[in-house]
Amino acid sequence: ERPAITSSARPPESLDDGELWEEIRAEAKADTQQEPALASFLYSVILAHSSLDDSLAFHLANKLASPTLLATQLMELFKQVIRSDPGIQDAYRADLRAVKARDPACRGYSQALLYFKGFQAVQAHRVAHALWQRERIPLALALQSRISDCFHVDIHPAARVGKGILLDHATGVVIGETAVIGDDVSILHGVTLGGTGKETGDRHPKIGNGVLLAANVTVLGNITIGDGSKIGAGSLVLKSIPPHVTAVGVPARVLGRNK
Amino acid sequence: ERPAITSSARPPESLDDGELWEEIRAEAKADTQQEPALASFLYSVILAHSSLDDSLAFHLANKLASPTLLATQLMELFKQVIRSDPGIQDAYRADLRAVKARDPACRGYSQALLYFKGFQAVQAHRVAHALWQRERIPLALALQSRISDCFHVDIHPAARVGKGILLDHATGVVIGETAVIGDDVSILHGVTLGGTGKETGDRHPKIGNGVLLAANVTVLGNITIGDGSKIGAGSLVLKSIPPHVTAVGVPARVLGRNK
Amino acid sequence: ERPAITSSARPPESLDDGELWEEIRAEAKADTQQEPALASFLYSVILAHSSLDDSLAFHLANKLASPTLLATQLMELFKQVIRSDPGIQDAYRADLRAVKARDPACRGYSQALLYFKGFQAVQAHRVAHALWQRERIPLALALQSRISDCFHVDIHPAARVGKGILLDHATGVVIGETAVIGDDVSILHGVTLGGTGKETGDRHPKIGNGVLLAANVTVLGNITIGDGSKIGAGSLVLKSIPPHVTAVGVPARVLGRNK
């Protein structure tokens with residue numbers, strides 16, 4: 001096992017917001033010294049900014065920009081939304097801590113910020129969701145489309161997503177309009193929270209706190225996955241699952257209660 | 001439920017081609033007024049054009065362009081192919097109506113045109129297929145590659161695709177060289193129409209009219225899905241399925257006849 | 001069946017390295033004559049270069065470049081790594097021969113080089129892996145992220161990948177940190193070589209030589225797929241599979257010995 005690139009060995013939950021930003025800057029400085037080829041990239045995304053909010057807004061804007069949706073325009077939008085919404089600020093920091101704590105391949109907070117498209121997709125969705133709630137529907141839909149183009153994750157801007165989310169690998173994730181995801185949820189690549197196609201209105205899954213949805217899990221319909229439950233890779237879930245159990249299979253069956 | 005952004009409450013099938021274009025322009029104008037940040041985007045993609053054909057050609061060209069395949073070059077190509085092929089014109093309009101009619105998250109025709117990578121992938125495929133049939137094989141293969149890069153959908157340019165197609169969410173869809181898809185087919189993300197690896201020549205599935213293939217369905221081999229049949233999410237189909245039934249499972253079994 | 005675009009009818013394994021490069025140039029020249037719209041693209045990617053190493057470095061650099069990771073910088077890096085590593089040179093040529101020999105939709109070596117994102121992802125991973133082994137961790141992680149952004153394939157740079165690899169269609173493939181893949185392996189789209197989430201350290205699958213993993217196969221944990229075995233589409237593999245068998249299902253069961 002190689003050593004982590006974090007300069008601190010402290011557990012993620014122990015860092016306050018100021019320490020988190022300092023830790024990310026320390027990681028970026030160490031990487032700049034080790035790899036001069038990345039210096040201008042790390043400077044522009046992290047070291048040039050006076051806050052983590054601004055660094056995130058800059059990075060997302062550059063990832064999602066297109067010839068017709070300019071990076072400067074997106075950056076101003078993201079800065080405005082993130083700075084004005086303490087809920088988003090709290091949530092994305094909880095996500096950074098969650099990725100560091102739960103993903104064994106994550107070596108530092110800056111890695112999640114810079115390189116994990118699942119983390120980036122969730123944060124861009126938080127902005128799209130805030131726009132949706134402020135009735136800026138066309139802009140929210142434009143962002144949803146850019147998130148799907150750039151991060152291969154299709155989250156409807158109306159979907160409600162808690163904090164402490166790990167969206168690992170992320171390719172192919174689809175989350176429908178009326179889905180609700182609790183706090184501290186881990187979702188792997190290829191997961192679908194979809195409709196059955198037979199319902200309209202409130203038609204998508206509700207995912208409890210602390211749930212784990214493994215790779216390529218499909219959950220369909222307005223059903224519930226109870227708090228703390230785990231759904232095994234490749235499972236198809238068509239009925240509600242109680243809290244604190246493990247379920248697997250096509251269709252999913254409960255194996256037993258989690259310890 | 002929020003109101004749709006369409007200015008018209010008329011059902012999709014009732015709009016003739018001229019009315020469809022007028023409706024799309026009306027939606028774009030309404031969005032421009034509501035969201036000035038999108039004005040230049042909506043102007044360049046929709047309002048600046050004198051026909052839906054040209055708007056589509058412009059938009060696809062800009063999405064698929066690269067440093068080595070220039071947008072201007074692609075736009076001329078797409079305009080030429082679309083303008084000279086009434087079959088493509090008819091098919092993409094049927095697709096717009098299909099998305100509006102069948103996708104409950106679609107609020108207007110302009111949303112499908114502007115933002116749905118599944119719609120865009122199918123239309124770019126129609127152009128690649130026309131080039132393939134005109135023996136412009138290298139260019140068709142170049143387009144296939146750009147569609148896979150930009151829309152995460154890999155459709156071989158020889159595959160034959162009907163009209164009234166909904167490719168929903170679209171990430172991960174793979175459609176092989178000798179596949180044939182009928183009219184009014186709905187295909188969700190992660191669907192594969194592939195070969196078994198044991199056959200050469202005509203080796204891919206034939207999908208009837210009005211079929212629904214739910215998320216992550218895999219259909220392998222030169223088999224048939226009968227008209228009007230529905231295949232449940234995550235199913236693996238290795239044998240032909242009769243018309244007007246629902247089939248599910250790994251491997252898929254017929255549950256019963258559709259009402 | 002249309003004729004292949006290769007000018008030579010010789011089987012892939014019979015071409016030596018010099019003949020392979022000459023064959024790719026001959027294909028590019030033929031395509032340039034048939035399709036002038038592709039002339040500048042084919043010139044810049046293939047015909048302008050004096051070696052296949054440099055052509056590959058140029059093409060990967062342009063595909064993976066971003067506003068903050070410049071193409072010129074990446075090209076120098078890729079040239080340095082590829083030119084200094086005979087193992088990579090040998091492996092990517094074996095991959096080109098494998099794609100041509102095993103993918104019935106592949107009409108020529110230049111098609112794999114130019115257009116197959118699975119081929120491109122594997123070669124970019126080989127560079128990232130070389131950087132990882134030289135302790136250039138931050139740059140390896142930056143490349144992993146660009147590969148996931150551009151090719152929709154997430155391969156940890158520490159994963160060890162043999163030669164003669166076909167990564168077909170490629171969207172959604174995820175390969176974990178401690179995975180090992182042998183020689184002459186075929187992997188279709190949507191394949192996961194992941195962890196169970198319960199282990200740390202050496203926690204990912206070991207794939208033998210000559211294995212076929214069909215579409216959407218999920219293999220989890222530090223288990224082995226024996227040499228020459230085939231895993232059917234959509235299977236979930238949670239226990240080791242012996243050599244030279246076919247296994248299918250959720251969870252996978254051995255059907256019988258391969259002939």
Counting only residues that are free of Cβ contacts under 8 Å to residues at least 24 places away in the same chain, crowded, with 18+ Cβ neighbours inside 10 Å and outside any helix (DSSP H, G or I), how many does the stretch B:12-64 have?
-> 2
Only one of B:Asp183, B:Asp202 is more than 10 Å from chain C (Cβ to nearest Cβ), out of contact with any strand residue (DSSP E or B) (no Cβ under 9 Å at 6 or more places or on another chain), at pLDDT 95 or above and surrounded by fewer than 22 Cβ atoms within 10 Å (Cβ to Cβ), namely B:Asp183
Within the stretch B:76-90, track down each residue that is of a type outside the set (Val, Ile, Thr) and either buried (at least 20 other Cβ atoms within 10 Å of the Cβ) or more than 19 Å from the chain's Cα centre (by Cα) (or both).
-> B:Glu76, B:Leu77, B:Phe78, B:Gln80, B:Ser84
Looking for whichever is crowded, with 22+ Cβ neighbours inside 10 Å and away from chain C (no Cβ under 14 Å) here; the options are B:Gly194, B:Gly208. Which one fits?
-> B:Gly208
Going through (1) within 11 Å of chain A (Cβ to nearest Cβ); (2) assigned to a helix (DSSP H, G or I); (3) aliphatic (A, V, I, L, M) one by one, B:Leu77 fails only at (1)
Filter result for A:Thr72 (assigned to a helix (DSSP H, G or I) and more than 9 Å from every other protein chain (Cβ to nearest Cβ)) = yes
If we ask which residues in the stretch B:233-259 are part of a loop (DSSP other than H, G, I, E, B), more than 8 Å from every other protein chain (Cβ to nearest Cβ) and either under 22 Å from B:Val153 (Cβ atoms) or in contact with a helix residue (DSSP H, G or I) (Cβ under 9 Å, 6 or more places away or on another chain) (or both), their number turns out to be 1
So which residues in the stretch C:161-177 are out of contact with any strand residue (DSSP E or B) (no Cβ under 9 Å at 6 or more places or on another chain) and either of a type in the set (Asp, Glu) or within 11 Å of another protein chain (Cβ to nearest Cβ) (or both), if there are any at all?
-> C:Glu177
Residues being within 11 Å of another protein chain (Cβ to nearest Cβ), of a type in the set (S, T, N, Q) and farther than 20 Å from B:Glu35 by Cβ: count how many of those fall in the stretch A:120-160.
-> 1
Just to be sure, is C:Leu64 within 14 Å of another protein chain (Cβ to nearest Cβ) and over 23 Å from C:Asp85 (Cβ atoms)?
-> no
Does A:Ile147 count as under 23 Å from A:Gln89 (Cα atoms), buried (at least 21 other Cβ atoms within 10 Å of the Cβ), in contact with a helix residue (DSSP H, G or I) (Cβ under 6 Å, 6 or more places away or on another chain) and among the hydrophobic types (A, V, I, L, M, F, W, C)?
-> yes
Meets criteria (of a type outside the set (Val, Ile, Thr), free of Cβ contacts under 8 Å to residues at least 60 places away in the same chain and surrounded by fewer than 24 Cβ atoms within 10 Å (Cβ to Cβ)) for C:Ala214 = no
Residue under evaluation B:Arg253, criteria (1) buried (at least 18 other Cβ atoms within 10 Å of the Cβ); (2) within 29 Å of A:Val237 (Cα to Cα); (3) without any contact (Cβ under 8 Å) to a residue 60 or more places away in the chain, criterion not met = (1)
Mind listing whichever residues of the stretch B:88-128 are farther than 18 Å from B:Glu27 by Cα and modelled with pLDDT under 95?
-> B:Arg102
In the stretch C:150-165, which residues are touching a residue at least 24 places away in the same chain (Cβ under 8 Å) and either surrounded by fewer than 24 Cβ atoms within 10 Å (Cβ to Cβ) or not hydrophobic (A, V, I, L, M, F, W, C) (or both)?
-> C:Cys150, C:His152, C:Pro157, C:Ala158, C:Ala159, C:Arg160, C:Val161, C:Gly162, C:Lys163, C:Gly164
Of the conditions (1) in contact (Cβ under 8 Å) with a residue 24 or more places away in the chain; (2) away from chain B (no Cβ under 14 Å), C:Leu114 fails just one. Which one is it?
-> (2)
Test: A:Ala101 is more than 13 Å from the chain's Cα centre (by Cα), surrounded by fewer than 24 Cβ atoms within 10 Å (Cβ to Cβ), within 14 Å of chain C (Cβ to nearest Cβ) and of a type in the set (Gly, Ala, Ser) | yes
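The values are calculated or read from the model by the stated rules, or taken from the named source; none is laboratory data. Just so you know, these numbers come straight off a predicted model, no measurement behind them. For neighbour counting, all protein chains shown are included, and Cβ atoms are generated from backbone atoms with ideal geometry for every residue, glycine included.
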